[in-house]
Amino acid sequence: MSISRDDVRKIAELARLEIADDRIERVARELSAVLDYAASLSQLDLEGCEPTVFAPGDAPLREDDLDGRRLASEVALAAAPEAEHGFFLVPPIVENLNP
Amino acid sequence: MSAAKEAWRLSAATLAAGVGAGDLSAAEAVASGWEGPAARWEADVHAVAHTDAAARAAGAAMAQAAGAKGALQGVPVLVKDNLCTTDYPTTCASRVLAGYRPPYDATVIRRLREAGAVVIGKGNMDEFAMGSSTEHSCYGPTRNPFDLERVPGGSSGGPAAAVAYGLCPLGLGSDTGGSVRQPAAFCGVFGLKPTYGRMSRYGLVAFGSSLDQVGIFARHAGDVATAYSALAGPDPFDATTRRTPAPDVSRWEHGVRGLRFGWPANLWREGVEPEIVEGLEEAAASLERAGAQRVPFDFMPGGFAVATYYLVATAEASSNLARFDGVRYGFRHADSPDVRSLYTRTRSAGFGPEVQRRILLGTYALSAGYYDAYYLTAQRARTRIRREYQAAFARCDFMLLPATPTLPFRLGEKTEDPLAMYLSDIFTIGANLAGIPGLTVPAGMTPGNGRPPLPRAVQLLGPDDSEPVLLAAGRALEVHGDETRLGRRHETEFAWPMKR
Amino acid sequence: MAHEAVIGLECHIQLNTRSKMFCGCPATFGAAPNSNVCPVCLGLPGALPVSNRAAVDAAIRLGLALGCGIRRESVFARKHYFYPDMPKNFQITQYDQPLCGGGVLPVRIGEELRLFELTRVHVEEDTGKSFHPERYGDRQISRVDFNRAGVPLLELVSRPVFGEPSECAAFLQALRRLVRWLGISDGDMEKGQLRCDANVSLRPVGQEALGTKTELKNLNSIKGVEKGLTAEIARQRKVLAAGGAIEQATLLYDADHDKLAVMRTKEFAHDYRYFPEPDLPVLRVEEAWLATSRERLAELGLPWDVEVQLVRDDGLPEDQAAIVSADRDSLQCYRNLVSVGLSRKTSANVIVNVVRKYENKYDLSPAAFEQKVPWKVLAGLFLRVEQAEVTATGARGLLEEVFEKGADPTTLFVTGGTAVGGAEELLPLVLAAIEENPGPVAQYLGGKTATLGFLVGQVMKKSGGQAVPQTVRELLEVELAKRAPGA
Ligand SMILES: [Mg+2]
Ligand SMILES: [Zn+2]
């Protein structure tokens, strides 16, 4: 099994998902099944195969102009779970963890 | 008036001509689908996730008022619930987007409206397009109109089923690993996944950005061509669209005389149901009758593509779905005293198990220490796979192969075994990895023998921008098919009452 | 054991483009909260980024100015971490293939010109703004505004080449001057247009390997950078002196209280899960684009080159050369003054003692100053000074009238302040001065000619500084000669 219960806890933390302890074993098994299957790629000869970077890449850059997609602030906030006076409201951001 | 009532039977092209000529109104065109087929079947099939009469009426009025003779004048279209629309919610069949109404239309939606089409609602789907059966929807499953015990395929099961049972002649889905071609096969309709970069993704809620393409469902090859011409082409809001104009598919009736089609028989030597292989043989025969030439060769087994796909698609998904956090839109967990719990509780309660499974897998594939082993290797394998296709297309103009290894399977049959579910995309995934176009073509019905007859289908794959060839071949199969099998069209199919 | 500090800087430069990095929203400030936003910069489902050519162009300009290598094909990447002011919960930045690599920023520190080496310069998007928690009914909340989200930033990373906080301050001043010179940003740290984080470590003098580093954030003024670094170096010295070990950590500097707060320690280090941004094609910079940028830069010149020319060719003292080449407006004004025949020395003096003085005193932009006193008018006044029509003091008085009393310079500078020049006006003053100062006069006649200076000063006083010293001197000599013994 290529994924341990601790791996599952670690990636769940990274992905901001919480997994009940009684489900961790099962999740580990399901993920491992796919990853073990993915291991078959090692049989593939990838000599001289650069990683695909997919976008076709011939699209032009944007000129430095304003466009019509700008939203009025009421519209921008319309779908917000909680908003007031033009701001989105969130639970208190206690310490600045912004890298 | 009865002409208007029967309008749902018409092809999109005929309907548009009728509305354009004033024979019937856009509103009547829309109504015929709801009062006819939908009244009989929607409650059982459950193809539609969101709609409302007022929005449909407004859409029809807009199309009528436009008055322009758009190529899709007055044509009703059901679009997958992951395409942003201002007049219906857009939720990706997920609790995390419950009730969300986007403030903008996806580019393809805008182009639909500009062509005179009427968006009649949002099609059901697997949550965030993650699935092959439309069972993973927060609105409950969609059922296969040909056998309600069976799935319509997925993830775009809603639009596929709706086009199949006659709600509308056109549907839009999205195809990341086969999510248009596989349900098209299970529902017996045409399903096109265009060349990557030909259909704008602006306003398509992203799953696997480098794999996603908006796809088209229709009951006639010609309607796929008409819709493709109206929707495909460069979009300044999507930097992954190609700069050049989309290929011209207007000669879809041109035929296949002189074309070579690849026949990679090694792919269905095992693990493919006999009815499907039968359908392939018949399709190959019809193509030959129509003047095409068969080029047999072996092709890389699909297993590698599946392995590659589930690393690339989940990695991109884990990133694309990070934005669903309960801050700016959608669902927020009521008990979120701090930012950390806002995220974990909102996401854990908002995403279904399959979505969470794939987010975890993708997060793992990208996380420190595993990136090279998984994501990078997969992207290199992808280059190899694209080369395999290029080599094949040096020998033929397009390939004929199954769309799916099995006929429509039963509800619940694969939900417990993710890997088995993933393997049902084994014939479709390669095209997304390589960025090439693919077309599912109906191949008639299985002989019932006691149980309801089920749709069969074949798949055509071609090199970049080969949509014209694929549609010409699809059309050839539509008319040159064996009348008793391939040629069965919807008049007969719709004749069966919903017997199980 | 003696330790030396090793410091590396990571600077973020906010570009002054019209629109944001990946969408067509205004990149300007001061709008109502969440009103400069669109589906793209709000991270709405389905929205996609498209790169802003002007932002890439600015990065190329800065890269060429710093002598970086410009990558013909660079790659945008996603950097993942959850934070409420980051709409997509990932930032579009550049990772293993940045647009600009290497390069140096030349900085004059005292007499010597130091070349500080850089690692890279890359393009990325800014985050929104989240505000400190506040009371909201019976609970606490934070407010979030996304107007700033998606504004283009350049990230510039130095190698660990600084030994002293003061060097970092000088580096930032030079960087600010450069970005202003290039016209890509106002580089005002207080306004967050230039931001700086620092990596600090100590190592035994003579040791090659670097010690454990800490990261210092929130250094939002050049003073703050210097003070924060000084504080952190002192803290690390204490720890090491006490035989302790430095723990890898991220610290916040609170400038108001000159305090350091630990923000994050190693075990909470991020796993950013970088991968190439699939929504954006590889960023290609064709030869033509590079060529034009090179030409434009050649015409513009670089501040440190201009500074050297001013000393070498124009013979200006170094401190004046630095001020004249501080920004393009000052240099342009200097060249204008010289172009109409004002001496280089006077022109430089005018920039330093007039233009700069009043710009700072009244907080005028160069444009505003030019508005008040067009350079031609200014030149006119100081040409008259050079031709001894007006004295320096007289000129100063006229400037005061314009800036203090709001007088109109156009005519005033042409007619006003004319020096009391003629002998008929000066003679009475000269005679008076001789009358009132018998002592010095005697000394002068006794051969102590140096006292003449004193007498000149007396006459100048009487003239209220309006007399031309040379004329006074001549008159005095004549008058005193008459009183010489045996005359
Ligand atoms: Mg940065
Ligand atoms: Zn925007």
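Projected onto their three principal axes, the Cα atoms of segment A:1-46 cover extents of 39, 19, 12 Å, largest first. Each residue of segment C:133-144 was assigned a 3J(HN,Hα) from its phi angle through the Karplus expression (A = 6.51, B = -1.76, C = 1.60, θ = phi - 60°), giving x, 9, 5, 8, x, 9, 9, 9, 9, 10, 9, 10 Hz with x at Gly and Pro. If one puts a single equal scatterer on every Cα of segment B:299-380 and applies the Debye formula without solvent, what log₁₀ I(q)/I(0) results at q = 0.20, 0.24 Å⁻¹? Calculated log10 I(q)/I(0) at the listed q: -0.87, -1.06. Once Rh is set to the Kirkwood radius over Cα pairs, what Stokes-Einstein translational diffusion coefficient, in µm²/s, holds for segment B:335-439 at a temperature of 10 °C and a viscosity of 1.306 mPa s? Approximately 92 µm²/s, per Stokes-Einstein.
Helix A:21-38 and the longest principal axis of the Cα set of chain A meet at an angle near 70°. Largest first and in whole Å, the equivalent-ellipsoid semi-axes of the protein assembly as shown read 74, 32, 26, each the square root of five times a Cα gyration tensor eigenvalue.
Derived from the Cα gyration tensor, the three semi-axes of the equivalent ellipsoid of chain C are 58, 28, 22 Å, largest first.
Rg over Rh for segment B:38-94 works out to 1.00, both radii taken from alpha-carbon positions and Rh defined as the Kirkwood radius.
Assuming charge only on the beta carbon of Lys and Arg (+1) and of Asp and Glu (-1), the dipole of segment B:266-369 about its Cα centre is about 840 debye to the nearest 20. Residue farthest toward the positive end of the dipole of segment C:175-323, with Cβ of Lys/Arg at +1 and Asp/Glu at -1: which of C:ALA241, C:GLN207, C:SER293? Result: C:ALA241, furthest along the dipole toward the positive end. Once you have a ≥ b ≥ c as the square roots of the Cα gyration tensor eigenvalues for segment C:156-249, tell me rounded if a/c is under 1.5, and otherwise prolate or oblate according to whether a/b is larger than b/c. Verdict is prolate for segment C:156-249.
Under a no-solvent Debye model with one identical scatterer per Cα of chain B, what's log10 I(q)/I(0) at q = 0.07, 0.09, 0.10 Å⁻¹? The calculated log intensity ratios at q = 0.07, 0.09, 0.10 Å⁻¹ are -0.33, -0.55, -0.69. For peptide B:102-109, compute the average count of partner chain beta-carbon atoms within 10 Å of each residue's beta-carbon. Across B:102-109, the average partner-chain Cβ count within 10 Å equals 4. Summarised as an ellipsoid, segment C:354-437 has semi-axes of 32, 13, 10 Å, derived from the eigenvalues of the Cα gyration tensor scaled by 5 and square-rooted, with the largest first. The fraction of all Cα pairs in segment C:243-361 landing in successive 10 Å bins from 0 to the largest distance is 10, 23, 13, 17, 25, 11, 1, given as whole percents. Ignoring the sites themselves, chain B has its longest run without GluC sites (Glu not before Pro) in a DSSP loop having at most 12 other Cβ atoms within 10 Å at B:1-269. By the helix-only formula, in which each DSSP H run with n ≥ 4 contributes -39500 (n - 2.57) and the sum is divided by residues, chain C has a 222 nm mean residue ellipticity of -12000 deg cm²/dmol. Label separation (B:ARG410 vs B:ALA61): 4.9 nm, computed from points 7 Å beyond Cα along the C-beta direction.
Compared with the rule-of-thumb size 2.2 N^0.38 Å for a compact globular protein, segment B:171-258 has a Cα radius of gyration ratio of 1.09. The C:ALA442 and C:VAL478 beta-carbon pair, evaluated with R₀ = 22 Å, returns a calculated FRET efficiency of approximately 0.75. Only helices enter this figure: runs of n ≥ 4 DSSP H residues, each worth -39500 (n - 2.57), summed and divided by the residues of chain A, yield -10000 deg cm²/dmol at 222 nm to the nearest 500. Straight-line reach from C:LYS238: taking Cα to Cα under 18 Å and skipping same-chain neighbours fewer than 8 places apart, the aspartates and glutamates in range are C:GLU4, C:GLU164, C:GLU215, C:GLU247, C:ASP258.
Set against the 2.2 N^0.38 Å expectation for a compact globular protein, chain A has a Cα radius of gyration ratio of 1.79. Each other residue within a Cβ distance under 12 Å of B:ARG384 adds +1 if Lys or Arg and -1 if Asp or Glu, for a net charge of 0. Translational diffusion coefficient, Stokes-Einstein: compute it for segment B:235-322 using the Kirkwood radius over C-alpha pairs as Rh, at 37 °C and 0.692 mPa s, and state it as an integer in µm² s⁻¹. Answer from the Stokes-Einstein relation: 192 µm²/s.
Cross-link partners for B:LYS122 among the lysines, with Cα-Cα distance under 24 Å and sequence neighbours closer than 8 places in the same chain left out: B:LYS5, B:LYS80, B:LYS193. Remark: relative contact order (segment C:180-225) = 35 percent; criterion is Cα-Cα distance under 8 angstrom and separation of 6 or more residues.
Using just its DSSP H runs of length 4 or more, each adding -39500 (n - 2.57), chain B gives a mean residue ellipticity at 222 nm of -11000 deg cm²/dmol after division by all residues.
So what's the angle, to the nearest 10 degrees on a 0 to 90 scale, between helix A:5-14 and the longest Cα principal axis of chain A? With rounding to tens, the tilt is 20 degrees. At an R0 of 51 angstrom, the distance between the Cβ atoms of C:ASP314 and B:SER341 translates into a FRET efficiency of 0.20. Packing, as the average of other Cβ atoms within 10 Å across residues, places the peptides C:188-198, C:114-124 in the order C:114-124, C:188-198, highest first. Paramagnetic label reach from C:GLU190 (point 7 Å along Cα→Cβ; backbone nitrogen cut-off under 14 Å): within segment C:207-222, residues C:220-222. Across all directions, the shadow cast by the convex hull of segment C:292-442 built on its C-alpha atoms averages 12.7 square nanometres. In this structure, the residue pairs whose Cα-Cα separation is over 20 Å, taken from C:LYS372/C:LYS405; C:LYS345/C:LYS405; C:LYS217/C:LYS259; C:LYS227/C:LYS361, are C:LYS345/C:LYS405; C:LYS227/C:LYS361. In this structure, A:GLN43 and B:TYR371 have a Cβ-Cβ separation that, at R0 = 25 Å, corresponds to a calculated FRET efficiency of about 0.75. Taking segment C:447-487, which trypsin sites (Lys or Arg not before Pro) meet the DSSP loop condition and have no more than 15 other C-beta atoms within 10 Å? Taking segment C:447-487 and a limit of 15 other Cβ atoms within 10 Å, the loop trypsin sites (Lys or Arg not before Pro) found are C:LYS448, C:ARG483.
Dimensions of segment C:1-119 from C-alpha coordinates, computed as largest minus smallest value along each principal axis and given longest first, are 54, 37, 32 Å.
Computed about the Cα centre, the dipole magnitude for segment C:348-487 is approximately 300 debye when only Lys and Arg (+1) and Asp and Glu (-1) carry charge, each at its Cβ.
Take every pair of alpha-carbon atoms less than 8 Å apart whose residues are at least six positions apart; their mean separation over the length of chain B yields a relative contact order of 17 percent. When you restrict to C-alpha pairs under 8 Å that are six or more residues apart and normalise by the size of chain A, the relative contact order lands at 19 percent. Among the GluC sites (Glu not before Pro) found in segment C:225-329, those both in a DSSP coil and sparsely packed, with 10 or fewer other Cβ atoms within 10 Å of their Cβ, are C:GLU286. Axis of helix C:375-386 versus longest Cα principal axis of chain C: the two differ by about 40°, to the nearest ten degrees. Averaged over peptide C:74-85, the number of partner chain Cβ atoms lying within 10 Å of each residue's Cβ comes to 5.
In terms of Cα atoms, the Rg and Dmax of segment C:56-178 work out to 18.2, 61 Å.
Legend: mean number of C-beta atoms from other chains within 10 angstrom of residue C-beta atoms, peptide C:87-99, equals 2. For a modelled paramagnetic label at C:GLU111, 7 Å from Cα along Cα-to-Cβ, no residue of segment C:152-177 is in reach, as no backbone nitrogen comes under 11 Å.
Placing unit charges on the Cβ atoms of the charged side chains and taking the dipole of chain B about its Cα centre, the candidate lying farthest along the positive direction among B:GLY271, B:GLN213, B:PHE297 is B:GLN213.
Each reported figure results from applying straightforward, stated rules to the coordinates on display, with no laboratory input. Small disclaimer: the values here were computed from a predicted structure and weren't measured. Every residue, glycine among them, receives a Cβ derived from its backbone with ideal geometry; neighbour counts consider all protein chains shown.
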